[in-house]
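Here's the structure, in structure tokens; my notes come after.
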Amino acid sequence: MIKFKINGKKVQGEEGQYVIQVAEKYGITIPTLCHHKALEPAGMCRMCTVELFNGRNTKFVTACNYPIWEGMEINTDTEAVHQGRKLIVEMLYARCPEVPLLKKLAKEYEIETVRFPKQDDDCILCGLCVRMCEKMGNSAISLTGRGVDMKIDTPFGIQSDTCLACGACASVCPTGHITLEKIKNEITKKNPFIIPSEYEMGLKGRKPIYVPYAQAVPNNPAIDRDVCMHFKTGGCQICTEVCQMDAIDHSMEDEIIEIDVGSVILSPGFKPFDPSKFDNYMYSNYPNVMTTMEFERILSASGPTQGHLTRLSDNKEPKKIAWFQCIGSRDTNKCDNSYCSSVCCMYAIKEAMIAKEHQGDDLDCSIFFMDMRTPGKEFERYYQNAKEKHGINFIRSRAHSITEVPDTNDLEVRYVNEKGVIQTEIFDIIVLSVGIEIPDETRKFAEKIGIEITENGFCKTDSFEPVKTSRDGIYVAGAFNGPKDIPESVLDASAAASAAGDSLSKARNTLTKIPESVPEINVTGERPRIGVFVCDCGSNINGVVNCAEITEYARTLPFVEFAQESLYTCSQDTQDKMVEYIKEKNLNRVVVAACTPKTHEPLFQETLTNSGLNKYLFEMTNIRNQNSWVHKNNPDLATEKAKDLVRMAVAKSGLAEPLTEEKINLNEKVVIIGGGIAGMAAAKSLASQGYETHIIEQQNFLGGQALKLYRTAKGEDVQLKLKQLINDVSSMDKIKIHLNTTLKSVDGFVGNFKSKLLKQEKDFEIEHGIAIIATGAKGCETSEYCFGENPKIITSLDLDKMLIKNDPEINNINSAVFIQCVGSRETKRPYCSRVCCTHSIENAIILKTKKPEMDIYILYRDIRTYGEKELLYKKARDIGVIFIRYDVNAKPEVTTKGNEISVKVKDHILDMLLEIKPDIVTLATAIVPNKDEKLANFFKVPINEDNFFVEKHAKLGPAEFATDGVFLCGSCHYPKSLDEAVTQAKASASRALTLLSKKDNLYTSGNVADINPMYCSSCGICVSICPYSAPLFTTEGRFKDKAEINPILCKGCGLCVSSCRSGAIHLKGFDTNQIFAQIYALDKAV
Amino acid sequence: MGNLLEHMGIEKQRLHFSWISSAEATKFVNVAKEVTNAVRALEPNNKFVKTLD
Amino acid sequence: MTKEKRKIVAFLCNWCSYGAADLAGVSRMQYPADIRVIRVPCTGRVSPKFILSAFRQGADGVWVSG
């Protein structure tokens, strides 16, 4: 260490360092124009000149390349130094009067008039570009000429072969003399380009070393070999020099790793359709035609425009935006994607709604569509809201082409409206709702590993085994298993996990290694000895907050025994050291000032456990996400805030106590309510993984609604497969079937339920740890369309029944009408029943195949054959099924007269009233859930306004309830097709298995409320206020009638604590005295 | 709560309540700025500070 | 005693606003440095006593956010 002084302050640096490096470390700014920390200093600009006192006399040296020595004294800002710098700025300003950097400097140095003749150069000859180019291992440019003729140039002033157009020179040029344009036109023969950021859909550039996106997992930078200069020239390696952890190794090579596995799950995903091949939409040519994926980035707060909605061509805020649906979907004309991508209608509406949220209600949004497909849970309501409450225009038309309005980049669209009139409209932005496509690599991969795919590249699966590929042991999840939205992908994923586990259940836990556990040290009653660890997070924190000062400050706080700063507190070596320090210094509390406890608390708690301390003796304070990152421009305030936060954390930590986590005893039995397809599929999964499962069915048979279905959308025979499933379920030892049984009451909570059941007037009880609700749904009753007046007017399920028993009546039908949306998508029942379009079309095809001369009409509002079901729609049209769209305000009219039925409907295309006299009318009646409020109360699970059960999270928790240990599947969640019901069943089983597999390690949190019965006044407020029913009155013993809290149910919210009048309740880990300690610690802050 | 503070001589504008979901970073920042501005518009809180006498 | 800067105590719900504050950091949004966060498991934990106590300790403002 070399000790010396800068501006009178004692500083120290290491041998070989230059003055500027040490100054920077101590936050002393020395101005410079030609210095770059990645490059060797050159002393070109002389701006960094400082005054050196060597004990006898003073002289001027350049700080960037003057090495430090013991005892020297540096003054960075004396009057003489200032005058010298001013002169340099004046001369450079005269040379380059238009360069913003020099204008700014001139202002700073108060230069009003320049005494030298003004020139019009923009290069200050700092040589950064030349040195950078050399560092890149290239040396394509250099300083040429002498004296006044000196300039930056290539050899002989001609465009260079050597230059690789990496752009490093432009990135360091302080004046803007070197630009990409200039590189392209004067320096290189190659084509310089900005590396497009994949995450930003190419709307922004990225570096050759980059983190793909902010939340990437793992969140480590990667090097793009194709553009990294080191792999081209062997030079650069600046990243290696800068990385303080020596984490970068350019010599790493790809390696092949072999792993022995029993099952494989494929989830390769999809790629968004590339619309550049459509010449009519001019996506590649018009800047304001973009894809929905790009628009998604424009709307994002972390996107290229920081969430500010502007046009790419001129940064103007748009007034009118249009979305074009079905780009690359339902199209065999311009591309080969005949299927529907399932998600685009909904995401287009979402984007329009968010755009309006950003820009205000004046923004005009139009969505051009063919059929509006919103068959998901709560989707139809969202669509209606968008239309009615938010004024988004829905135009049923496919625009032929887009033309750009000259000079404005506005976009003109001509389309035919529903009345057949040609319209012209001008939009600021047009967003192409691109579909989902399986990339060629995935198709090739599928071929290579030998699994069957459909003609569209999606994985082929069976409706009763919806996540199993054609090859044993290989399963599939996500968009590769058919285009799908988030909840369906999540369900697929869980289902695939349980399917993969079914065949492996015997091998479970055979390779488990148990970590050595460290016995816990008893610290009760000890005086707090707090260790404080301050994290630099590289420069993430230390770049703003003075971490050395914080650490120093922490040492002065009461009860702090030890404080240390580290570069990355979360790194493995720091963790190891932390364990050592805890032992060596006998610490009994630990405070870490770093990032957020939400991500890192568990890691540090584990370290405490490893060193024998109770993990609740840990406290964390957030000086990154909530400090250094958000107060970048105020280092002083941020440092002060960090001190306050550390002091508050230390104050709280001193009062921390070791907490215990109660072990939850988990009964391994599962009860499934409902013996339909979903209930049975879930039971089969659980039983094959070795868990005893009870199916409770109120009817005297298994099978539910599936008993009434003829064929699946894939053409499979439902009855045949159903029989197999019932046989499987009935023959499995682990499955107990209780027919004619109803639930009378349920007591208990996760792991410990007690259900009272009633079977043929006999009561019995099952103790179980988990419940799955699969109570299903049924077709609604209707009186519309003369239903019940004529036996030829039937429901879809009636038609299936006829088909199942091969009713000879079918052969007598010459004309059939299907009416869709009977009782769905209306004010009274606003949701879409999801499956009816497919069901009717499938039956229409069956009828038409049986008797090709039959006239078949399907009267519909929107055809919602999502995914590859669209192929059925296409097939139906091809074989001559006639589709007639009707409006909800002008429904078809059905009248009967004797045996004759008449259906009148207005055809929108012909604009005339048609009359059909069919032999049969099939009504696609809505699907309604078997509403069961009692059941909902038993398990404390919610029901929505449409009477479906409400899952934990619409997207991420679609097979479980917010109540721990209770899951759901099948149509009680929302109407769904058979394969979707099986998927959800397997998913719910999977979620249940996740819990069951933790049997021996299931603990409550330590952060729960606890009642001191001595203080409890039995007022009952906690009992009534708790949303989780955790507090109850004790019914016996010494503290009878006092409240007590069940730690298993307690979520630690603290509501009871703040409402307890007697102060009897404590929240462990967030106790009143701890929060007061934090508040009191403010005192010194104020 | 506001009334109680007023009664004690603490301006209502010193106390703020809000509901922000974990995804609403922009809203958080906006409310943080609002709260800060509202508080900065007032004199420093000297009235209610505990003193030694 | 006069103070240049103000001090605001923020009781933030661990699951909601605290997460939003973290995200604001990830997105590098900037806001004034007057706020001192006390993380609570839920705003239900915040008792009026805390608010009064914060004022008594000289806080210029209190912000409770769920």
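The values are calculated or read from the model by the stated rules, or taken from the named source; none is laboratory data. Fair warning: this is a prediction, and the values are worked out from it, not measured in the lab. Ideal geometry is used to build each Cβ from the backbone, glycine not excepted, and the neighbour counts take in all protein chains shown.
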Inset, instruction - Determine if the range C:1-22 includes at least one residue that is out of contact with any helix residue (DSSP H, G or I) (no Cβ under 9 Å at 6 or more places or on another chain), of a type in the set (A, V, I, L, M, F, W, C) and more than 19 Å from A:THR596 (Cβ to Cβ). - result: yes
Inset, instruction - Restrict the check to the range A:375-397 and report whether at least one residue is hydroxyl-bearing (Ser, Thr, Tyr), under 34 Å from the mean Cα position of the chain (by Cα) and either outside the structural domain of A:LYS350 (by TED's automatic domain parsing) or crowded, with 22+ Cβ neighbours inside 10 Å (or both). - result: yes
Legend entry - Out of A:ALA959, A:ALA924, A:ALA989, sole residue that is outside the structural domain of A:ASN814 (by TED's automatic domain parsing), in contact with a Cys (Cβ under 7 Å, 6 or more places away or on another chain) and of a type in the set (A, V, I, L, M): A:ALA959
Inset, instruction - Could you tell me whether the range C:37-58 includes any residue that is within 12 Å of B:ASN45 (Cβ to Cβ), at the interface with chain B (Cβ under 7 Å from one of its Cβ atoms), assigned to a loop (DSSP other than H, G, I, E, B) and of a type in the set (D, E, K, R)? - result: no
Inset, instruction - Please indicate, with yes or no, whether at least one residue in the range A:35-50 is exposed (fewer than 15 other Cβ atoms within 10 Å of the Cβ) and farther than 18 Å from A:CYS173 by Cβ. - result: no
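Which of the strands (runs of 3 or more DSSP E) contained wholly in the range A:903-948 include at least 2 residues that are of a type outside the set (Ser, Thr, Tyr), under 30 Å from A:GLN705 (Cβ atoms) and touching a helix residue (DSSP H, G or I) at 6+ places or on another chain (Cβ under 9 Å)?
A:920-925, A:927-929
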Inset, instruction - Return a yes/no flag: does the range A:192-201 have any residue that is polar (S, T, N, Q) and over 31 Å from the mean Cα position of the chain (by Cα). - result: no
Legend entry - Identity of the residue in the range A:830-858, part of a loop (DSSP other than H, G, I, E, B) and touching a residue at least 40 places away in the same chain (Cβ under 8 Å), that ends up farthest from A:ALA706 (Cα to Cα): A:MET854
Legend entry - Long-range neighbours under 6 Å by Cβ, at least six apart or interchain, first residue within 17 Å of A:ILE846 (Cβ to Cβ) within the range A:699-712, second in a loop (DSSP other than H, G, I, E, B): A:THR712/A:SER463
Inset, instruction - Would you confirm whether any residue within the range B:27-38 is modelled with pLDDT under 90 and either among the aliphatic types (A, V, I, L, M) or under 11 Å from the mean Cα position of the chain (by Cα) (or both)? - result: no
Legend entry - Single residue of the range C:4-17 satisfying the filter (facing another protein chain (nearest Cβ under 7 Å) and out of contact with any Asp or Glu (no Cβ under 6 Å at 6 or more places or on another chain)) that is surrounded by the most Cβ atoms within 10 Å (Cβ to Cβ): C:SER17
Legend entry - Any pair with Cβ under 6 angstrom, 6 or more apart, that starts in the range A:1061-1084 at a residue that is facing chain C (nearest Cβ under 7 Å) and ends at one that is assigned to a strand (DSSP E or B): A:LEU1067/A:ALA1009; A:GLN1078/C:ILE38
Inset, instruction - Among residues belonging to the range A:287-326 that are on the phi > 0 side of the Ramachandran plot and in contact (Cβ under 8 Å) with a residue 24 or more places away in the chain, point out the one that is surrounded by the most Cβ atoms within 10 Å (Cβ to Cβ). - result: A:CYS326
Legend entry - Tally of residues being modelled with pLDDT of 90 or more and assigned to a helix (DSSP H, G or I) across the range A:156-170: 3
Inset, instruction - For residues that are crowded, with 20+ Cβ neighbours inside 10 Å and within 14 Å of another protein chain (Cβ to nearest Cβ), scanning just the range A:560-613, find the one that is farthest from the chain's Cα centre (by Cα). - result: A:VAL591
Inset, instruction - Return yes when C:VAL62 is facing another protein chain (nearest Cβ under 7 Å), in contact with a helix residue (DSSP H, G or I) (Cβ under 6 Å, 6 or more places away or on another chain) and among the β-branched types (Val, Ile, Thr) and no when it is not. - result: yes
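Does A:THR599 qualify as being at pLDDT below 95, outside any loop (DSSP other than H, G, I, E, B) and touching a Lys or Arg at 6+ places or on another chain (Cβ under 7 Å)?
When the stated conditions are applied, A:THR599 does not pass them.
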Legend entry - Residue satisfying all of: in the range A:897-928; at pLDDT below 95 and not aliphatic (A, V, I, L, M); surrounded by the fewest Cβ atoms within 10 Å (Cβ to Cβ) among these: A:GLY898
Legend entry - Residue under evaluation A:GLU552, criteria (1) in a helix (DSSP H, G or I); (2) free of Cβ contacts under 8 Å to residues at least 40 places away in the same chain; (3) farther than 28 Å from A:PRO635 by Cβ, criterion not met: (3)
Legend entry - Failed item in (1) at the interface with chain B (Cβ under 7 Å from one of its Cβ atoms); (2) part of a loop (DSSP other than H, G, I, E, B), with C:GLN30 passing the rest: (1)
Inset, instruction - Specify the residue that is farthest from C:ASN14 (Cα to Cα); the eligible residues are those in the range B:1-16 that are surrounded by 16 or more Cβ atoms within 10 Å (Cβ to Cβ) and facing chain C (nearest Cβ under 7 Å). - result: B:ILE10
